[in-house]
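Everything on this sheet refers to the single structure shown next.
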Amino acid sequence: MATAIGVVAFGGDWRVGIRILSGALGVAGILRLALPEQEAGMLAVRGRLLDAALLIGVSIALFLLAASIPDQPGV
């Protein structure tokens, strides 16, 4: 997440920042599925499948939303 914010804060394209954030959330969802309950740490909030589904769902939603917003001329 810090990398995504850094990319945008230092003048990078906001879409690239959102894609980096989306990728990080997707990786977190996959790790939540793969890691045992004791090693999941802060990723373990609810049940394993619900946590993973929420993380991966938000990841996909962010990626699709960033891709669907048209460029604004003159901005």
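Between (1) 49; (2) 69; (3) 64, which entry matches percent of Cα pairs over 14 Å apart as derived from the coordinates of this structure? Computed from the coordinates, percent of Cα pairs over 14 Å apart corresponds to (3). Charge dipole (Cα centre; +1 on Lys/Arg Cβ, -1 on Asp/Glu Cβ; no other charges) of the chain amounts to roughly 80 debye. Note on L49/A24: beta-carbon distance plugged into 1/(1 + (r/R0)^6) with R0 of 25 Å gives a FRET efficiency of 0.80.
Neighbours of I30, meaning other residues whose beta-carbon lies under 13 angstrom from its beta-carbon, give a summed charge of +1 when Lys and Arg score +1 and Asp and Glu score -1.
Here is what passes the span test in the chain: the DSSP H helices with alpha carbon length of 18 Å or more along the helix axis and a Kyte-Doolittle mean of -0.5 or above are 14-34, 48-68.
Just so you know, all these numbers are worked out from the coordinates, no wet-lab data involved. Note that the structure is predicted; figures quoted are calculated from it, not measured. Here Cβ is always computed from backbone atoms with ideal geometry, including for glycine, and neighbour counts include all displayed protein chains.
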